[in-house]
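Chemist: The structure's right below; bear with me while I get my questions together.
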Amino acid sequence: MHKTSSASSLGPGGLDLTQAFFKPIQSAAPPSPTKRHTKISVIGAGNVGMAIAQTILTQDLADELVLVDAKPDKLRGEMLDLQHAAAFLPRTKILASVDYEITVGSDLCIVTAGARQIPGESRLNLIQRNVSLFQKIIPPLARYSPESILLIVSNPVDVLTYVAWKLSGFPSNRVIGSGTNLDSSRFRFLIADHLDVNAQDVQAYIVGEHGDSSVALWSSISVGGVPVLSFLEKQQIAYEKEALANIHKAVIGGAYEVISLKGYTSWAIGYSVANLARSILRDQRKIHPISVLAKGFYGVEGGDVFLSLPTQLGRGGVLGVTNVHLTEEEAQQLRDSAKTILEVQNQLNI
């Protein structure tokens, strides 16, 4: 399953035609050993995993893209479908296998695999089933790519990022979750829509849990470099907290609405994760609200907990957490969000 028949072996008896088709120039040296070959592995070939894979390909982020899934037929079908688009894409080697050995030497491992909730099943039971699944996924990834960065997308992402960190034995800077990166994109879109500006000119973060206890950092929102709330106060323009709360509710409900309409989310998370992959692999040092080990930041205590904070990302993974000014109300909401996650973690069997 690793690859389709190579054009280089079309000659009689599998003769490698590349030697006949291309002749080397004189006094040629072998390729430089310092040349970077970027390999990304995506674990889980469902709707989310394939949206991520497709976006990574179109944005030319990898020299080699590997897909891993438990369903061999679907996996091979997805691999072939992407390979057949080779004439329209940047040159990327695309491989697929049910065997984790294919991920060896990955620079970035993106985990999207996860169990679906059974009707009537408790959230805790679903999480425990995902923990069991991660016990089969994370150790081989860590074994075959010990220098890799793990990027967890599976939900509940904060708890499962913690699980991946514990199972991998990796340092905390190399285990991250997609967290509220997408929530913050929805937040920026809604604010931009209200003000009729480009969302790229809006700086706004959702932090905390990727879920109902997330926190909107209203105090630090700026548009085109102008702090929004302080501008309104200086101009004596009245605003209602209820209106702000409704925007936050729309952010939380965004995913639920998409799922109710089309059955799942895929494209936005695909772009979100590819955005994170670019910042990491190209050492962009951009700030993203992602799930990181948050103990000791903004008064978060009580245990090792992963939740989203504005984080600088680069080739080494987490380079640092941004020291954003929070109001006391926002800081308390963040600590409450951490407690919500910890309560779930403390009931798990890892």
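Chemist: Report whether or not R116 is open to solvent by 60 Å² or more (accessible area, probe 1.4 Å), closer than 28 Å to G263 by Cα and touching a strand residue (DSSP E or B) at 6+ places or on another chain (Cβ under 6 Å).
Modeler: On the way: open to solvent by 60 Å² or more (accessible area, probe 1.4 Å): yes; closer than 28 Å to G263 by Cα: yes; touching a strand residue (DSSP E or B) at 6+ places or on another chain (Cβ under 6 Å): no.
Taking the combined requirement at face value, the residue does not satisfy it.
Chemist: Separate question: Suppose we keep only residues that are open to solvent by less than 10 Å² (accessible area, probe 1.4 Å) and not small (G, A, S) within the stretch 296-310. Which one would you say is modelled with the lowest pLDDT? Break it down stepwise before answering.
Modeler: Applying the first criterion (open to solvent by less than 10 Å² (accessible area, probe 1.4 Å)) to the stretch 296-310 yields 300, 305-310.
Of the ones still in play, those that are also not small (G, A, S) are 300, 305-307, 309-310.
Values: V300: 91, V305: 94, F306: 96, L307: 94, L309: 95, P310: 94.
Out of the qualifying residues, it is V300.
Chemist: Still on this structure, please answer the following. Evaluate the following for F187: is it open to solvent by less than 10 Å² (accessible area, probe 1.4 Å), in a helix (DSSP H, G or I) and either at pLDDT 95 or above or under 21 Å from A45 (Cα atoms) (or both)?
Modeler: Values: open to solvent by less than 10 Å² (accessible area, probe 1.4 Å): yes; in a helix (DSSP H, G or I): yes; either at pLDDT 95 or above or under 21 Å from A45 (Cα atoms) (or both): no.
No: the conditions fail for F187.
Chemist: I've got another one for you. Condition first: open to solvent by 60 Å² or more (accessible area, probe 1.4 Å) and either touching a residue at least 60 places away in the same chain (Cβ under 8 Å) or not in a helix (DSSP H, G or I) (or both). Now tell me which residues in the stretch 198-209 satisfy that. Step through it out loud before you land on a result.
Modeler: Step one: filter the stretch 198-209 for residues open to solvent by 60 Å² or more (accessible area, probe 1.4 Å), giving 198, 200-201, 203.
Selection gives N198, Q203.
Chemist: Follow-up. From (1) at pLDDT below 95; (2) open to solvent by 20 Å² or more (accessible area, probe 1.4 Å), pick out the condition that doesn't hold for R174.
Modeler: Checking R174 against (1) at pLDDT below 95; (2) open to solvent by 20 Å² or more (accessible area, probe 1.4 Å), the one that fails is (1).
Chemist: A follow-up question, please. Condition first: under 14 Å from the mean Cα position of the chain (by Cα) and outside any helix (DSSP H, G or I). Can you find one or more residues in the stretch 219-227 that meet it?
Modeler: Going through the stretch 219-227, the residues under 14 Å from the mean Cα position of the chain (by Cα) turn out to be none.
The answer is no; no qualifying residue exists.
Chemist: Let me ask something additional. Just the residues that are in contact with a Gly (Cβ under 9 Å, 6 or more places away or on another chain), open to solvent by less than 10 Å² (accessible area, probe 1.4 Å) and closer than 14 Å to Y271 by Cα, please, taken from the stretch 50-89.
Modeler: A51, I52, A53, T55, I56
Chemist: Same structure again: Need the failing condition index for K93 against (1) within 22 Å of D283 (Cβ to Cβ); (2) charged (D, E, K, R); (3) modelled with pLDDT of 95 or more, just the number.
Modeler: The failed condition is (1).
Chemist: Right, something else. May I ask you to list the residues in the stretch 269-300 that are of a type in the set (G, A, S) and under 15 Å from the mean Cα position of the chain (by Cα)? Before the answer, list the steps.
Modeler: If we filter the stretch 269-300 for residues that are of a type in the set (G, A, S), which is where we start, we get 270, 272, 274, 277, 279, 291, 294, 296, 299.
Result: G270, S272, A274, A277, S279, S291.
Chemist: Under 6 Å by Cβ, and 6 or more places apart or on different chains, what pairs join a residue from the stretch 315-333 that is over 28 Å from I280 (Cα atoms) with one that is open to solvent by 30 Å² or more (accessible area, probe 1.4 Å)?
Modeler: T327/S219
Chemist: If you check P146, P140, P156, which single one turns out to be open to solvent by less than 60 Å² (accessible area, probe 1.4 Å), more than 30 Å from K249 (Cα to Cα) and of a type outside the set (S, T, Y)? Write out each step before concluding.
Modeler: On the way: P146 fails: open to solvent by less than 60 Å² (accessible area, probe 1.4 Å); P156 fails: more than 30 Å from K249 (Cα to Cα).
After ruling out the rest, the residue left standing is P140.
Chemist: Looking at the stretch 119-140, I want the residues that are closer than 14 Å to S154 by Cα and have a partner that is open to solvent by 40 Å² or more (accessible area, probe 1.4 Å) with Cβ atoms under 7 Å, at least 6 apart or on another chain. Which pairs are those?
Modeler: L126/Q117; Q128/N349; N130/G114; V131/I350; L133/G114; F134/L167; Q135/L167; I138/L167
Chemist: Tell me yes or no: at least one residue of the stretch 311-321 is under 17 Å from V207 (Cβ atoms) and loosely packed, with under 15 Cβ neighbours inside 10 Å. Walk me through it before giving the result.
Modeler: Kept after step one, since they are under 17 Å from V207 (Cβ atoms), are these residues of the stretch 311-321: 311-313, 318, 320-321.
With loosely packed, with under 15 Cβ neighbours inside 10 Å added as a condition, the list becomes 320.
Among the residues of the stretch 311-321, at least one is under 17 Å from V207 (Cβ atoms) and loosely packed, with under 15 Cβ neighbours inside 10 Å, which makes the answer yes.
Chemist: If you don't mind, there's one more thing I want to ask. So A96 clears everything in (1) open to solvent by 30 Å² or more (accessible area, probe 1.4 Å); (2) over 21 Å from A164 (Cβ atoms); (3) touching a residue at least 40 places away in the same chain (Cβ under 8 Å); (4) not polar (S, T, N, Q) except one condition, right? Which one?
Modeler: (1)
Chemist: How many of the residues making up the stretch 293-322 are more than 15 Å from Q333 (Cβ to Cβ), touching a Gly at 6+ places or on another chain (Cβ under 8 Å) and of a type in the set (A, V, I, L, M, F, W, C)?
Modeler: Counting residues in the stretch 293-322 that are more than 15 Å from Q333 (Cβ to Cβ), touching a Gly at 6+ places or on another chain (Cβ under 8 Å) and of a type in the set (A, V, I, L, M, F, W, C) gives 1.
Chemist: A further question on this structure: Considering each residue of the stretch 49-90, count those that are among the charged types (D, E, K, R) and touching an Asp or Glu at 6+ places or on another chain (Cβ under 9 Å), and give that number.
Modeler: Total meeting the criteria: 2.
Chemist: For the stretch 147-176, which residues satisfy the criterion of being closer than 21 Å to N346 by Cα and of a type in the set (D, E, K, R)?
Modeler: Across the stretch 147-176, the qualifying residues are D158, K166.
Chemist: What are the pairs, 6+ residues apart or on separate chains, where a residue within the stretch 144-169 that is of a type in the set (K, R) has its Cβ under 7 Å from a residue that is surrounded by fewer than 24 Cβ atoms within 10 Å (Cβ to Cβ) and part of a loop (DSSP other than H, G, I, E, B)?
Modeler: Close Cβ pairs satisfying both conditions: K166/I350.
Chemist: Inspect the stretch 37-45 for any residue being at pLDDT 95 or above, in contact with a Ser or Thr (Cβ under 7 Å, 6 or more places away or on another chain), surrounded by 15 or more Cβ atoms within 10 Å (Cβ to Cβ) and among the small types (G, A, S) and give the result as yes or no. Outline the logic, then answer.
Modeler: Pass one, the stretch 37-45, residues at pLDDT 95 or above: 38-45.
Still in the list and also in contact with a Ser or Thr (Cβ under 7 Å, 6 or more places away or on another chain): 39-44.
Subsequent filtering for residues that are surrounded by 15 or more Cβ atoms within 10 Å (Cβ to Cβ) retains 39-44.
Within this subset, residues satisfying the condition of being among the small types (G, A, S) are 41, 44.
Yes: one or more hits.
The values are calculated or read from the model by the stated rules, or taken from the named source; none is laboratory data. What you see is a predicted model; the values in this text were computed from it and never measured. Positions of Cβ are backbone-derived with ideal geometry, glycine not excepted, and every protein chain shown enters the neighbour counts. Surface accessibility is based on the protein's heavy atoms, side chains included, excluding ligands, DNA and RNA. Shrake-Rupley method; radii C 1.70, N 1.55, O 1.52, S 1.80 Å.
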